[in-house]
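J.: Have a look at this one before I ask anything.
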Amino acid sequence: MGPEEMRLTAAVPSAASPLAPPWLSYPDDVNRLDPALWAQDVARPGEELSIGGLTVSALAEEFGTPLFVVSEDDFRARARSFKDAFDAAFADLCGGVDVYYAGKSFLCTEIAHWGAEEGLRLDTCSAGELAIAMRAGIPGEHLSLHGNNKSDAALRRALDLNVGRIVVDSLPELEQVAALATSLGTTANVMLRLTPGVHASTHEFIATAHEDQKFGLSLAGGPAGPGTGDVASSPAAQAVAAALGHESVNLLGVHCHIGSQIFEPEGFELAARRLLAFLGKVRDLHGRELPELDLGGGYGIAYTEVDAPRPPAEIASAMADVVRSTCAELGLAVPRISIEPGRAIVGSTTFTLYTAGITKTVRVDVDGDTQPRRYVSVDGGMSDNPRPVLYDANYSAALASRTSGAAPVLSRVVGMHCESGDIVVRDVYLPEDTGAGDLLAVPGTGAYCWALSSNYNWVGRPPVVAVRDGQARLIVRGETENDILARDITRTTN
Ligand code: PLP
């Protein structure tokens with residue numbers, strides 16, 4: 001049977017499960033791929049899902065599963081689209097925008113090369129990420145260093161590399177940076193990370209610019225609360241005064257990052273206005289206009305059918321309008337703007353390929369009735385994607401190694417780990433005949449999946465392959481049992 005015939009037979013009468021969340025629609029065609037969720041070169045030309053012309057079964061055969069599969073062209077296109085959109089929107093305001101790719105979302109040497117080749121800079125947050133940047137040959141002035149508890153080793157490395165900016169997170173850290181720079185006979189380029197008191201509408205654990213969390217220097221000074229108090233006495237203002245007093249510190253400007261996986265523009269806009277107002281205050285207090293403003297990352301991507309990310313051009317022009325009007329109101333020269341997207345560049349470039357194993361149907365009570373829920377176990381799980389456990393993150397999945405005419409049934413894709421919370425995809429309709437040996441692909445796993453992966457249950461981290469021009473090549477080697485055994489210290493006998 002060809003794919004078209006399969007599609008016809010898949011059109012069964014609707015049997016949406018009462019256990020399904022309200023946002024999940026019952027698919028007309030369970031074999032169809034929603035282009036919003038996948039890299040640009042993923043398709044189903046026949047029975048199988050393919051990327052850049054390579055079938056998933058060929059990839060699984062060569063590299064095994066679980067496997068992260070990243071589209072190089074898609075990464076480059078998304079990187080370029082942010083750079084081009086922000087450059088265009090801010091051209092007449094400040095000549096363009098510096099886009100720092102947030103390496104924490106996923107970083108390896110190849111990724112660092114791709115970003116640099118597309119005109120991006122690189123945001124790091126540890127000595128290890130700086131080591132990758134060095135291996136990729138990224139010039140120091142194109143690097144930034146983040147972190148709320150930076151080690152001396154990371155700071156020394158950053159100063160040795162003369163990084164473009166160290167984003168200082170607290171008053172004690174400012175002193176640590178100033179002292180290290182003095183001892184090394186150098187000057188530290190510094191931005192201050194501020195918390196503008198904006199609650200981004202996202203999961204609590206990743207909303208980072210409100211007050212009750214670990215990052216940044218508060219803009220709130222007086223008793224009246226964020227953004228309304230006496231800014232001049234705030235930790236942010238104290239840090240500016242301290243930084244300006246240090247000869248070994250070159251204070252470039254201020255930074256904020258209000259959270260992650262955010263779709264609504266209001267939070268970004270409010271944060272930008274508050275930081276610009278703060279720069280106005282700094283000018284009034286110190287007679288200095290700081291030359292740079294970093295508005296962070298956090299732009300959302302589509303993980304499921306209900307996520308609707310805004311195109312970079314729309315985000316950029318809205319931001320440019322806010323910066324233009326606020327600077328005009330304050331009589332402030334427009335600072336050089338930078339942003340730090342991670343997820344929005346790498347997230348949708350990648351899918352994880354798993355092999356399905358055991359399936360099981362349980363009955364769940366719903367209003368005195370019982371309803372079936374099918375569990376499909378795969379050969380990875382929370383060790384390669386902890387986001388569902390950490391953030392209740394939703395994903396989607398597709399039967400990838402074939403199409404099916406079987407009815408879609410509500411399914412939960414679960415991992416192989418010893419945790420009942422080890423869920424990969426909480427709710428998805430998969431064909432009823434999905435079973436052992438089938439390949440499943442989970443899209444949108446480029447950001448904060450491999451980067452957050454672990455060896456839980458002594459499972460090796462999966463490899464990452466990049467696909468371009470019909471070729472797949474390893475960009476991160478998977479961990480083998482030998483890697484695991486090599487780190488385990490055996491008892492010495494004599
Ligand atoms: N910048 C900072 C300071 C961050 O903490 C993060 C993510 O945590 C990012 C940028 C990237 O965020 P996203 O990947 O959501 O764009």
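The values are calculated or read from the model by the stated rules, or taken from the named source; none is laboratory data. All values reported here derive from a predicted model rather than from experimental measurement. Here the Cβ is made from the backbone with ideal geometry for all residues, glycine too, and neighbour counts use every protein chain on show. For accessibility, only protein heavy atoms count, side chains too; no ligands or nucleic acids. Shrake-Rupley method; radii C 1.70, N 1.55, O 1.52, S 1.80 Å.
J.: Of the conditions (1) under 30 Å from Leu120 (Cβ atoms); (2) away from the ligand (no atom under 14 Å from the Cβ); (3) open to solvent by 20 Å² or more (accessible area, probe 1.4 Å), Leu285 satisfies every one except a single condition; which number is it?
T.: Among (1) under 30 Å from Leu120 (Cβ atoms); (2) away from the ligand (no atom under 14 Å from the Cβ); (3) open to solvent by 20 Å² or more (accessible area, probe 1.4 Å), Leu285 violates only (1).
J.: Mind listing just one residue for me: the one in region 403-416 that is within 30 Å of the chain's Cα centre (by Cα) and in a loop (DSSP other than H, G, I, E, B) and, of those, surrounded by the most Cβ atoms within 10 Å (Cβ to Cβ)?
T.: Residue satisfying both the conditions and the ranking: Gly415.
J.: Check Asp294, Asp321, Asp307, Asp284 and return the single one that is touching a Ser or Thr at 6+ places or on another chain (Cβ under 7 Å) and in the same structural domain as Arg80 (by TED's automatic domain parsing).
T.: Residue meeting the stated conditions: Asp294.
J.: Please go through region 143-163 and pick out each residue that is among the hydrophobic types (A, V, I, L, M, F, W, C), in a loop (DSSP other than H, G, I, E, B) and either open to solvent by 10 Å² or more (accessible area, probe 1.4 Å) or out of contact with any strand residue (DSSP E or B) (no Cβ under 8 Å at 6 or more places or on another chain) (or both).
T.: Leu161
J.: I'm told Asn31 meets every condition in (1) touching a Lys or Arg at 6+ places or on another chain (Cβ under 7 Å); (2) closer than 22 Å to Arg343 by Cα except one. Can you identify the failing condition by its number?
T.: Condition (2) is where Asn31 drops out.
J.: So which of Tyr429, Tyr456, Tyr395 ends up being under 27 Å from Gly297 (Cβ atoms) and either surrounded by fewer than 24 Cβ atoms within 10 Å (Cβ to Cβ) or of a type outside the set (Gly, Ala, Ser) (or both)?
T.: Just one listed residue meets the conditions, Tyr395.
J.: So Gly380 passes all but one of these: (1) more than 16 Å from the ligand (Cβ to nearest atom); (2) open to solvent by 20 Å² or more (accessible area, probe 1.4 Å). Which condition number does it fail?
T.: If we test Gly380 against (1) more than 16 Å from the ligand (Cβ to nearest atom); (2) open to solvent by 20 Å² or more (accessible area, probe 1.4 Å), just (2) comes out false.
J.: Can you name every residue in region 233-254 that is within 18 Å of Leu145 (Cα to Cα) and surrounded by fewer than 18 Cβ atoms within 10 Å (Cβ to Cβ)?
T.: Asn250
Per-residue answers, yes or no, for (1) over 21 Å from Glu48 (Cβ atoms); (2) within 16 Å of the ligand (Cβ to nearest atom):
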{"site": "Leu390", "(1), (2)": "yes, yes"}
{"site": "Val409", "(1), (2)": "yes, no"}
{"site": "Arg412", "(1), (2)": "yes, no"}
{"site": "Val442", "(1), (2)": "no, no"}
{"site": "Cys449", "(1), (2)": "yes, yes"}
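J.: Going through region 85-108 one residue at a time, which ones are in contact (Cβ under 8 Å) with a residue 60 or more places away in the chain, open to solvent by 30 Å² or more (accessible area, probe 1.4 Å) and either away from the ligand (no atom under 13 Å from the Cβ) or among the polar types (S, T, N, Q) (or both)?
T.: Selection gives Ala88, Leu93, Gly95.
J.: Another question, if that's okay. Just to be sure, is Ser325 within 24 Å of the chain's Cα centre (by Cα) and under 22 Å from Val198 (Cβ atoms)?
T.: Taking the combined requirement at face value, the residue does not satisfy it.
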